[in-house]
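Taking it in order: structure first as structure tokens, then the write-up.
The values are calculated or read from the model by the stated rules, or taken from the named source; none is laboratory data. Quantities reported herein were computed from a predicted structural model and do not represent experimental measurements. Neighbour counts run over all protein chains shown; Cβ positions are idealised from the backbone, glycine included.
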Amino acid sequence: MSNAEQEVIVGIDLGTTNSLVGVVDSGFPIILADQAGHRMLPSVVQFPADDSGAEVIVGLAARNSQVVHPERTVSSIKRFIGRSANDVSTEEMQNEQLSRTGSDGLLVAGKTPEKVSAEILSELKKTAEYALEQPVSRAVITVPAYFNNTQREATKKAAELAGWKVERIINEPTAAALAYGLDREGEEQLVAVYDLGGGTFDLSILQLKEGLFEVIATAGDTELGGDDIDQAVAEFFLSKMELQKEDLESSQWAELLRIGREAKEYLSENEAYDVRLPFFREGKSWEFSLTAEQLELLADPILLRTKSICQRAFAEAEAKGKPQIDQLLMVGGSTRMPLIARRLKEWFGKEPQMSGNPDEAVALGAAIQAGILCGRVRNVVLVDVTPLSLGIETFGGLMNVIIPRNSTIPAKAGEMFTNAVANQESLAIRVLQGEREMARDNWQLGEIEVPFTPGPKGSARVGVQFTIDQDGILEVLSRDTSTGEDHILEIRNAAVDVDDEAVEKMVEESIDFAFEDMSERIWTEAEMKSRELLPAVEAALTVVGEEITDSEKLEIEAAASDVASLLELPENRRDVNALKAANQKLDDATQTLAAILVEKALDEAL
Ligand code: ADP
Ligand code: MG
């Protein structure tokens, strides 16, 4: 097994009703399916009868046979994890499975909540190992935002009992926001997460700032969820059947609840559900239908209970100076009901966001967090590039590019420059941005004057370095290498924050004028060469002119006057090739002269 395989970390949504495990695979967060192809594991655990020696059953099979063995089948264990018998209400204590230990601990069906949760978590471990075909033991686990420290610790302990190493416990709404990609959005914002699951409702308000989430407010109801709608639907069935709940055996009631849930889920995408109950009670059969409209009438009063809870959380956020909700996310299986989005829009005037599978959002977010931790999600600020080239103006008014366009930032580059003229006292560095060959056609971002010790041409050495940091700040550092003196110019944002239209225009112009720009650059370079050669040749002739033949002297003078006259031509008659050739000819003609100069200099030195 390779290291990379050992490193895998999965994300787990340990839900009250359903639990899921996900992972980032080839760049995408996905939910893992068990051997039967199920991606969602009902959080239901069925323990074997005492001394039967049979195995613990977890998931769908446990849920389906809950009515048969209610005393040893546990659901919604999440309600009890990390709580002591003292903080469980007398009403909750009515639950026949609950008992208290001597030290005020809670037992459910004779087991600690950690032990029951561990069964679910080890089932998820099997799923992960089956799907990933390798041992998996590291996980990120989500908990409700309102979970206190004891509840978080107990969740962690349950995971450890199941053989997991818990890398991080994160809040469910935070995971949901990650799944919606909100961490990648730049600006600070306030996000409300509306999570309606099977038996619980949570509204959390998060503040997102620089990729970090902070929980600002939470509100909820631990006894409000899709189960209540199932119950309302089952009661509606009873009225259709003209029966009372007391007329039914508990397994019959459980059957109506199951069909109620099925109908409710079906009606999220369909208009009507046909209920068929052959020989349901005392040999009697029933057939009737439930329409989407009827379901909405049944669900509405239940949903209305979430409204005041939302308002409570909004008020809390407002009291903390955060009145403006920027985004409203819908999470949890129950939000698949189309009615919820409609009501939220009505109540809060805000279009809620829902992903394709709202019951997977938390697990996908946990998987993303896990992916970040194990390096499967590269934690980089989105690659930013320089929209235009950055450089400085050099001799002859040319643009000298230091950091080319489209370089990824941060970026650093530099060059060394020298003085073009003897006894120059300073060098002006004009910082430019743009794609044109001539400095004057680009934009000037700033300028620094670098003083240096005057000396002959080419004696000064000035290093110029451009650094653009992650925030787009350009720093131009210039250093006189003989004195070591630094000059720094800082240009904020201008280097990166350029209006898209302006960039487009600049790039277009650089293409439109490519030919003209290029010929101007070539001409400028040839002209600079000529302007360097002519005075040098003249100076050499006065010093060592006597030492060459007359014909050599004539040849040099003719070549020099050719160059000079080509330079004087008006712009529209410029001939860059002729100038380059004349430069070359002058250079060749002065070979002997140059050799004599060097010899003379050597003699003098000796
Ligand atoms: P939890 O977070 O409590 O574990 P989930 O987010 O998995 O729960 O939500 C489970 C609830 O979602 C159940 O009440 C289930 O009936 C409901 N649900 C699932 N699918 C649909 C659907 N298509 N339409 C309406 N409700 C649905
Ligand atoms: Mg949930």
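A few points about this structure:
- Some residue of region 142-154 being modelled with pLDDT of 95 or more and in a loop (DSSP other than H, G, I, E, B): no
- On the stretch given as region 434-447, residues that are within 22 Å of residue 525 (Cβ to Cβ) and either surrounded by 15 or more Cβ atoms within 10 Å (Cβ to Cβ) or among the small types (Gly, Ala, Ser) (or both) total 8.
- Taken over region 401-421, the residue count meeting the criterion of being of a type outside the set (Gly, Ala, Ser), at pLDDT 80 or above and within 36 Å of the chain's Cα centre (by Cα) is 6.
- Residue under evaluation residue 9, criteria (1) within 16 Å of ligand 2 (Cβ to nearest atom); (2) in contact with a Leu (Cβ under 8 Å, 6 or more places away or on another chain), criterion not met: (1)
- Residues within region 13-32 that are within 14 Å of ligand 1 (Cβ to nearest atom) and either outside the structural domain of residue 363 (by TED's automatic domain parsing) or in contact with a strand residue (DSSP E or B) (Cβ under 8 Å, 6 or more places away or on another chain) (or both), tallied: 9
- For residue 261: the one exception among (1) buried (at least 18 other Cβ atoms within 10 Å of the Cβ); (2) more than 39 Å from the chain's Cα centre (by Cα); (3) not β-branched (Val, Ile, Thr): (2)
- Selection status of residue 329, assigned by TED's automatic domain parsing to the domain that holds residue 189 and assigned to a strand (DSSP E or B): yes
- Some residue of region 148-161 being under 20 Å from the mean Cα position of the chain (by Cα), in the same structural domain as residue 92 (by TED's automatic domain parsing) and not polar (S, T, N, Q): no
- Selection of region 266-276 for residues being outside any strand (DSSP E or B) and either more than 9 Å from ligand 1 (Cβ to nearest atom) or surrounded by fewer than 18 Cβ atoms within 10 Å (Cβ to Cβ) (or both) yields 266, 268, 269, 270, 271.
- Index of the failed condition, residue 111 passing every other in (1) more than 30 Å from residue 323 (Cα to Cα); (2) away from ligand 2 (no atom under 16 Å from the Cβ); (3) in contact with a helix residue (DSSP H, G or I) (Cβ under 7 Å, 6 or more places away or on another chain): (3)
Residue-by-condition table, conditions (1) over 30 Å from residue 145 (Cβ atoms); (2) of a type in the set (Val, Ile, Thr):
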| position | (1), (2) |
| --- | --- |
| 253 | yes, no |
| 256 | yes, no |
| 268 | no, no |
| 281 | yes, no |
| 291 | yes, yes |
| 317 | no, no |
| 345 | no, no |
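- Filtered by the rule that a residue be of a type in the set (D, E, K, R) and in a strand (DSSP E or B), region 108-141 gives 111, 138.
- Exactly one residue among 305, 336 is surrounded by fewer than 16 Cβ atoms within 10 Å (Cβ to Cβ) and either in contact with a helix residue (DSSP H, G or I) (Cβ under 9 Å, 6 or more places away or on another chain) or polar (S, T, N, Q) (or both), and that residue is 305.
- In the set (1) surrounded by fewer than 21 Cβ atoms within 10 Å (Cβ to Cβ); (2) touching a Cys at 6+ places or on another chain (Cβ under 6 Å), the condition left unmet by residue 203 is number (1).
- The set of residues from region 332-357 being assigned to a loop (DSSP other than H, G, I, E, B) and near ligand 1 (Cβ under 7 Å from one of its atoms) comprises 332, 337.
- Residue count, region 116-137 (criterion: in contact with a helix residue (DSSP H, G or I) (Cβ under 7 Å, 6 or more places away or on another chain) and without any contact (Cβ under 8 Å) to a residue 60 or more places away in the chain): 1
- Members of region 49-86 that are under 19 Å from residue 224 (Cβ atoms) and outside any loop (DSSP other than H, G, I, E, B): 75, 77, 78, 79
- Residue list for region 288-321, filter: assigned to a loop (DSSP other than H, G, I, E, B) and of a type in the set (D, E, K, R): 320
- Filtered residue count, region 395-441, keeping only those that are over 24 Å from residue 510 (Cβ atoms), assigned to a loop (DSSP other than H, G, I, E, B) and not β-branched (Val, Ile, Thr): 7
- Applying the condition of being crowded, with 24+ Cβ neighbours inside 10 Å and within 16 Å of ligand 1 (Cβ to nearest atom) to region 178-199 and asking which residue is modelled with the lowest pLDDT yields 179.
- Screening 598, 537, 543 for residues that are touching a Ser or Thr at 6+ places or on another chain (Cβ under 6 Å) and either part of a helix (DSSP H, G or I) or free of Cβ contacts under 8 Å to residues at least 12 places away in the same chain (or both) leaves exactly one candidate, 537.
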